[in-house]
Amino acid sequence: MSRNTSATIKKTLIILGLALAAVGVIFFVMRGGSDEKGGSARKEAVVGVKVARVERRDLVEKRVFSGTLEAEKKYDAAAKIGGRIQEIAVRLGDCIHRGDLIARLDNAEYEQQLAQAHAELDVAQASLAQARSGLVAAERAYQRAIKLREQKVSSVADLEVAETERLAQQAGVNLAQAQIQQREAALRAAAVRLSYTTLTADWQAGDDHVCRHVARRYVDEGDTIAANQPIVTLVDVSLLRAVINVAERDYAFLRVGQPASISVDLVADKTFPGTIARMAPVFDETSRQARVEIAVANPDSILKSGMFACVHVELGRTEQAVAVPSSAIIQRLGIYGVFAVEDGKAHFVEVRTGVKDEGWAQVTGLEDGQQVVTLGHHLLSDGARVATSEENDEAAGQARK
């Protein structure tokens, strides 16, 4: 029994020793592996990036704005009085010159008013003639009363009565004259109202040789219209304006008189020269944009009011400027800059941008010939080691050998 127990204890000690030895070996191996990993981690990482060189370029910065073409001169022909349309002399698309007939209204009522005004004037003139005759008679009676009074034949009261009658007759003449002026004014008003029944193209003088086209007709013959209701809209398509809305960042680069070019889908292979004519001095509170109008000559009438237009405006131009690809410029902590590569390390360099043109941007703070990172910025920190695309290509070539 004692021998068996002793043998069991020996076996247990041997197994425990082997287990401890195995644990020690594993611990040593793991410790060595972790030391190796720590050493490699302590080595500085190399980041592969794509680079481009700083160059000197001629840059032209342009913006393309979407807008709408509108007629520079637009005229709504409206009758100043209401009534029934008797005749419309124009149709959609007709070319109308200043003074041409547009429409006529039923004028029977206004002709009657004119005839009545004539009659009332005749009555007033007859009343004036009668008043003047009475004044002549009263003047004679007054003169007789003066002579009789001088001869002591009549009394003072008779003289006063004659004088009063003369003054009354004079007042009657003055009243008749005022009534004539009143009736003449009423006659002129009736004539004006009658003229309103004939509607002609009477826009502001100065371009009588230019015709305007009927852009829209609102009524037909027989319709009844109210006073000042438009009958047709006339537009001059020889000069249009392109209306665009500009954000704050672009507004500062625009000015009145600045050239622009306009393109439309109707003739996609052609552009039309224009000039910025007007700029709104305020921004819309909702859109935060300002209205800008570009004058566009349209002598061949190719462009039409209401068309969608693309307006190309040159915002800036520079020659032989220090430039980098736009993809090289990044923003970190609110500062714009680039990662410049020198001696295998990338350093963040703050820059100020200027004119931008087709993927390139003018910058200050760099010299031409420097290398800047264009791809891989998000992996870099200031002073990080980098392998440029050229270095990676060379290493790959050596590996293939």
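Quick look at the numbers
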{"read-out": "Subset of segment 368-383 (residues that are surrounded by 11 or more Cβ atoms within 10 Å (Cβ to Cβ) and either at pLDDT 90 or above or in a helix (DSSP H, G or I) (or both))", "value": "GLN370, GLN371, VAL372, VAL373, THR374, LEU375, HIS377, LEU379"}
{"read-out": "VAL173 vs. criteria of a type in the set (Val, Ile, Thr), surrounded by 13 or more Cβ atoms within 10 Å (Cβ to Cβ) and touching a strand residue (DSSP E or B) at 6+ places or on another chain (Cβ under 9 Å)", "value": "no"}
{"read-out": "THR275 being outside any loop (DSSP other than H, G, I, E, B) and without any contact (Cβ under 8 Å) to a residue 40 or more places away in the chain", "value": "yes"}
{"read-out": "Qualifying residues in segment 337-377 (those that are free of Cβ contacts under 8 Å to residues at least 24 places away in the same chain and of a type in the set (Asp, Glu)) - the one farthest from VAL60 (Cα to Cα)", "value": "ASP343"}
{"read-out": "Long-range neighbours under 9 Å by Cβ, at least six apart or interchain, first residue without any contact (Cβ under 8 Å) to a residue 24 or more places away in the chain within segment 208-219, second in a strand (DSSP E or B)", "value": "TYR218/ILE225; TYR218/PRO230; TYR218/ILE231; TYR218/VAL232; TYR218/THR233"}
{"read-out": "Test for GLU163: is it part of a helix (DSSP H, G or I), acidic (Asp, Glu) and either closer than 30 Å to ASP236 by Cβ or modelled with pLDDT under 90 (or both)", "value": "yes"}
{"read-out": "Matching entry among ILE225, ILE244 (being among the β-branched types (Val, Ile, Thr), at pLDDT 95 or above and either farther than 26 Å from GLY316 by Cα or not assigned by TED's automatic domain parsing to the domain that holds HIS118 (or both))", "value": "ILE244"}
{"read-out": "Residues of segment 142-160 classified as in contact (Cβ under 8 Å) with a residue 12 or more places away in the chain and either among the β-branched types (Val, Ile, Thr) or crowded, with 17+ Cβ neighbours inside 10 Å (or both), total", "value": "4"}
{"read-out": "Subset tally (residues that are closer than 19 Å to ASP236 by Cα, among the charged types (D, E, K, R) and surrounded by fewer than 17 Cβ atoms within 10 Å (Cβ to Cβ)) for segment 71-118", "value": "5"}
{"read-out": "Check on ALA77, touching a strand residue (DSSP E or B) at 6+ places or on another chain (Cβ under 8 Å) and over 30 Å from PRO325 (Cα atoms)", "value": "yes"}
{"read-out": "Positions within segment 207-233 being in contact with a Lys or Arg (Cβ under 9 Å, 6 or more places away or on another chain) and either on the phi > 0 side of the Ramachandran plot or in a strand (DSSP E or B) (or both), in sequence order", "value": "ARG212, VAL214, ALA215, ARG217, GLY222, THR224, ILE225, ASN228, PRO230, ILE231, VAL232, THR233"}
{"read-out": "Residue count, segment 166-206 (criterion: assigned to a strand (DSSP E or B) and of a type in the set (A, V, I, L, M, F, W, C))", "value": "1"}
{"read-out": "Options ARG166, ARG183, ARG132, ARG188; residue that is of a type in the set (Lys, Arg), in contact (Cβ under 8 Å) with a residue 24 or more places away in the chain and closer than 30 Å to ALA226 by Cβ", "value": "ARG183"}
{"read-out": "Selection status of ALA52, among the small types (Gly, Ala, Ser), surrounded by 15 or more Cβ atoms within 10 Å (Cβ to Cβ), in contact with a Pro (Cβ under 8 Å, 6 or more places away or on another chain) and closer than 30 Å to VAL386 by Cα", "value": "yes"}
{"read-out": "Pair list, Cβ < 6 Å and 6+ apart or interchain, from segment 193-204 residues that are more than 12 Å from LEU114 (Cβ to Cβ) to residues that are surrounded by fewer than 18 Cβ atoms within 10 Å (Cβ to Cβ) and at pLDDT below 90", "value": "THR200/GLY99"}
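Rundown of residues vs (1) at pLDDT below 90; (2) more than 16 Å from ILE102 (Cβ to Cβ); (3) crowded, with 19+ Cβ neighbours inside 10 Å, yes/no style:
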| site | (1), (2), (3) |
| --- | --- |
| GLN177 | no, yes, no |
| GLN181 | no, yes, no |
| VAL192 | no, yes, no |
| CYS211 | yes, no, no |
| ALA215 | no, no, yes |
| PHE253 | yes, yes, no |
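To keep it simple, each residue is scored yes or no on (1) under 30 Å from LEU266 (Cα atoms); (2) aliphatic (A, V, I, L, M).
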| residue | (1), (2) |
| --- | --- |
| ALA290 | yes, yes |
| SER301 | yes, no |
| ALA321 | no, yes |
| VAL338 | no, yes |
| ALA346 | no, yes |
| ARG352 | no, no |
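The values are calculated or read from the model by the stated rules, or taken from the named source; none is laboratory data. On a predicted model such as this, the values are computed, not experimentally measured, just so you know. Reconstructed Cβ throughout: ideal geometry from the backbone, glycine too, with neighbour counts over all protein chains shown.
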